[in-house]
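Okay, so here's the structure we're looking at.
The values are calculated or read from the model by the stated rules, or taken from the named source; none is laboratory data. What you see is a predicted model, and the numbers here were worked out from it, not measured in a lab. In this analysis, Cβ positions are derived from the backbone assuming ideal geometry, glycine residues included, and neighbour counts consider all displayed protein chains. Surface accessibility is based on the protein's heavy atoms, side chains included, excluding ligands, DNA and RNA. Shrake-Rupley method; radii C 1.70, N 1.55, O 1.52, S 1.80 Å.
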Amino acid sequence: MFRTRKILIFSTLVAIAGVGVLFVAVAALLWQESITSEEAYAGGLAASLGQSTERLIVDTRDMLDAFDTLPYARCSKEHLKALEEAAISRPYIRAIGYWQADDRLCGVGFLAQGVLKPAHADRIYDSGVIAWWPSPQTQVGDVQLFLMRHGDHDVAIDPRMLLGSTPMKDRQAALWVENLRLSAIPWDATLPAPSTLPIGVSVDREHGQVISRYSRNAILPIDIVAREPLDNFLTRHAQMLAIGTGLGLLLLLAWIHLMTRISRNRLSMTSELREALAAGHIWVQYQPVVDLASRRCIGMEALARWKRTDGDAVSPSVFIPVAEDGGFIHEVTRAVMRIVVRDLQRILVEFPEMSVNINLGEGDLKNDATGRELTATLALARLPAGSVKLEITERALLNTEVSRSLIRNLRSMGHQVAVDDFGTGYSSLSYLQSFELDLLKIDKTFVDAIGTKAATSHVVTHVIEMARSLNLATVAEGVETPAQRDWLIEHGVLFGQGYLFSKPLSIEHLLAYLRHDTPRDPDTPAFEAAFDRDNTAHATTTHAR
Ligand code: C2E
Ligand code: MG
Ligand code: MG
């Protein structure tokens with residue numbers, strides 16, 4: 001019971017840890033993804049603003065060039081109309097002027113005529129562009145314009161429009177020409193000067209921001225600096241995190257529910273099994289062990305049986321572990337032992353050479369109480385020790401050094417000892433040699449593999465070889481087909497147990513079986529009828545193997 005509870009607590013902790021690890025892994029993944037997309041977006045922002053500004057400047061320069069080839073007299077109505085059409089289609093243009101040498105002779109625009117009279121240009125670039133920075137000399141109303149001349153025409157640009165006019169939530173950007181800030185979104189954005197930044201994207205985790213710089217010098221040397229917050233991870237992925245947490249919690253609850261049910265079932269099975277033992281509701285069936293060649297019965301194995309109060313038969317592969325877990329396997333063994341000794345009295349009267357194998361649990365190997373009790377019970381019934389053999393699973397052998405001396409004791413009392421489920425415990429030849437054993441029972445899984453392409457089919461010959469080198473009499477478990485029997489005989493296995501010869505039988509049917517035990521066909525109707533009676537009398541046991 002204690003172990004069951006420990007398993008429950010342990011597995012719940014494992015479940016919590018599992019869900020936790022899953023959750024952290026998903027969050028880390030999202031975080032990583034969030035940073036990558038954030039960086040890509042921010043880098044893209046400066047670049048895309050820069051590219052569109054540059055397109056605008058190139059377009060403006062081309063437009064100015066085109067004015068110089070207009071076939072109209074300068075300052076004529078047609079000339080000015082052409083300039084006006086060009087200005088209307090470009091919202092950032094406030095005015096277009098025509099120059100002759102250093103004089104701005106005429107122009108169009110949304111400014112009062114003659115208002116714009118720029119004096120000295122600030123720069124003449126290799127591209128032939130002449131620029132006037134926004135300054136008081138280019139101021140019209142409340143805006144200082146940026147003037148750009150190429151050939152005989154110039155254009156007055158509202159620098160506020162150069163970055164586009166769409167407001168950008170939580171994002172700032174600014175445009176520089178040389179070291180002069182021409183435009184920004186929002187207008188009062190506080191951004192570092194481009195000269196202080198590397199070109200490209202820099203992530204400033206300390207302030208939770210991404211800053212990017214785009215820089216080109218095609219017609220004018222422009223720089224764009226953009227800044228945006230590294231979005232709050234929690235806000236951005238809140239929905240996903242909420243769903244994840246919810247799912248995780250649900251999983252956890254389902255797990256705890258399942259574990260509680262299993263453990264409750266196990267706990268109730270534990271107390272029910274204890275009651276069944278006390279009330280003498282555990283009984284035994286015997287499965288004959290035969291000489292494979294002659295089919296003659298040479299002994300039998302006692303197998304514990306239990307039917308729950310609700311009528312369900314429980315397989316020993318289920319209730320034996322429950323008794324082991326609950327620490328009372330010894331009581332099961334004792335119950336089986338008593339029944340076997342009682343039945344042996346009947347068996348030996350008619351078949352004095354027979355013996356019965358009793359299975360020992362791992363718990364029986366912790367001390368010699370079972371051995372002593374067996375000796376006492378047999379003595380009381382005046383039965384020879386040789387009439388009871390003991391089966392110990394290979395896995396149980398692996399557990400303790402104590403079992404070595406216990407086996408020695410049992411043998412010295414006159415019992416033969418068999419290693420059960422041989423081949424499933426992966427013990428080495430030398431390890432098995434260190435035990436004093438008499439019999440070896442090859443596990444059913446290997447017998448099942450005979451004649452198939454299963455991986456274990458190769459192992460079965462190896463297992464038989466191992467048995468042979470241990471110099472032990474060998475019994476094959478779970479023989480179901482004549483082909484398996486023939487194969488086993490061919491490979492030197494002398495004894496077998498399995499449905500091919502007989503299913504486990506009640507004592508009455510066992511005696512009937514033994515009385516008719518001459519080489520015979522198990523498929524005869526009389527034989528089948530005996531099984532049917534046995535199996536309906538005790539309901540069908542759910543076999544785990
Ligand atoms: P085991 O000792 O290896 O017993 C053989 C199992 O194989 C039995 O299952 C038997 O009914 C089944 N079997 C035999 N021949 C065939 C066959 O041809 N085909 C198939 N499908 N199965 C076959 P059972 O009775 O369900 O017992 C299962 C296991 O429970 C046993 O394996 C043994 O380890 C354990 N057990 C049974 N009774 C006791 C007991 O009194 N004490 C202890 N400690 N363990 C027991
Ligand atoms: Mg056994
Ligand atoms: Mg076995």
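Listing for the model above:
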{"item": "Count of residues meeting criterion [more than 20 Å from Gly414 (Cα to Cα) and within 15 Å of ligand 1 (Cβ to nearest atom)] in the range 430-450", "result": "9"}
{"item": "Looking only at the range 371-392, and only at residues there that are part of a loop (DSSP other than H, G, I, E, B) and open to solvent by 50 Å² or more (accessible area, probe 1.4 Å), the one that is farthest from ligand 2 (Cβ to nearest atom)", "result": "Arg382"}
{"item": "Residue satisfying condition, being within 27 Å of Arg485 (Cβ to Cβ), within 11 Å of ligand 3 (Cβ to nearest atom) and open to solvent by 40 Å² or more (accessible area, probe 1.4 Å), within set Thr424, Thr445", "result": "Thr445"}
{"item": "Verdict on Trp306 being farther than 30 Å from Val493 by Cα, open to solvent by less than 70 Å² (accessible area, probe 1.4 Å) and either in contact (Cβ under 8 Å) with a residue 40 or more places away in the chain or over 36 Å from the mean Cα position of the chain (by Cα) (or both)", "result": "yes"}
{"item": "Arg395 vs. criteria more than 16 Å from ligand 1 (Cβ to nearest atom) and assigned to a helix (DSSP H, G or I)", "result": "no"}
{"item": "When residues of the range 309-322 are limited to those that are closer than 26 Å to Leu439 by Cα and in contact with a Leu (Cβ under 7 Å, 6 or more places away or on another chain), the one least open to solvent (accessible area, probe 1.4 Å)", "result": "Phe319"}
{"item": "Check on Asp158, over 50 Å from the mean Cα position of the chain (by Cα), crowded, with 16+ Cβ neighbours inside 10 Å and more than 16 Å from Asp223 (Cβ to Cβ)", "result": "yes"}
{"item": "Top-ranked residue of the range 166-224 - restricted to ones that are within 24 Å of Trp31 (Cβ to Cβ) and open to solvent by less than 30 Å² (accessible area, probe 1.4 Å), ranked as nearest to the chain's Cα centre (by Cα)", "result": "Gly208"}
{"item": "The range 370-396 residues that are closer than 19 Å to Leu303 by Cβ, paired with ones that are of a type in the set (Ser, Thr, Tyr) and part of a helix (DSSP H, G or I) (beta carbon under 8 Å, 6 or more apart)", "result": "Thr370/Thr333; Ile392/Ser403; Ala396/Ser403"}
{"item": "Odd one out for Leu252, checked against (1) without any contact (Cβ under 8 Å) to a residue 60 or more places away in the chain; (2) surrounded by fewer than 19 Cβ atoms within 10 Å (Cβ to Cβ)", "result": "(1)"}
{"item": "Test for Arg295: is it surrounded by fewer than 20 Cβ atoms within 10 Å (Cβ to Cβ) and modelled with pLDDT of 95 or more", "result": "no"}
{"item": "Yes/no for Ser34 being under 30 Å from Pro321 (Cβ atoms), open to solvent by less than 90 Å² (accessible area, probe 1.4 Å) and at pLDDT below 80", "result": "no"}
{"item": "Cβ pairs under 7 Å, 6+ apart, first in the range 474-491 and without any contact (Cβ under 8 Å) to a residue 40 or more places away in the chain, second among the polar types (S, T, N, Q) and more than 9 Å from ligand 1 (Cβ to nearest atom)", "result": "His491/Thr461"}
{"item": "So Met337, is it touching a residue at least 12 places away in the same chain (Cβ under 8 Å), within 21 Å of Leu439 (Cα to Cα) and assigned to a loop (DSSP other than H, G, I, E, B)", "result": "no"}
{"item": "Candidate set: the range 293-332, residues that are within 15 Å of ligand 2 (Cβ to nearest atom) and in a strand (DSSP E or B); chosen: the one farthest from Arg274 (Cα to Cα)", "result": "Gly299"}
{"item": "Enumeration of residues in the range 259-280 that are modelled with pLDDT of 85 or more and surrounded by fewer than 17 Cβ atoms within 10 Å (Cβ to Cβ)", "result": "Ser271, Arg274, Glu275, Ala278, Ala279, Gly280"}
{"item": "Those residues of the range 403-415 which are open to solvent by less than 10 Å² (accessible area, probe 1.4 Å), part of a helix (DSSP H, G or I) and at pLDDT 90 or above, in sequence order", "result": "Ile407"}
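Okay, residues lined up against (1) open to solvent by less than 20 Å² (accessible area, probe 1.4 Å); (2) away from ligand 2 (no atom under 16 Å from the Cβ); (3) out of contact with any strand residue (DSSP E or B) (no Cβ under 7 Å at 6 or more places or on another chain); (4) farther than 25 Å from Leu344 by Cβ:
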residue	(1), (2), (3), (4)
His458	no, yes, yes, yes
Thr461	no, yes, yes, yes
Met466	no, yes, yes, yes
Leu472	no, no, no, no
Ala476	yes, no, no, no
Arg485	no, yes, no, yes
Val493	yes, yes, no, yes
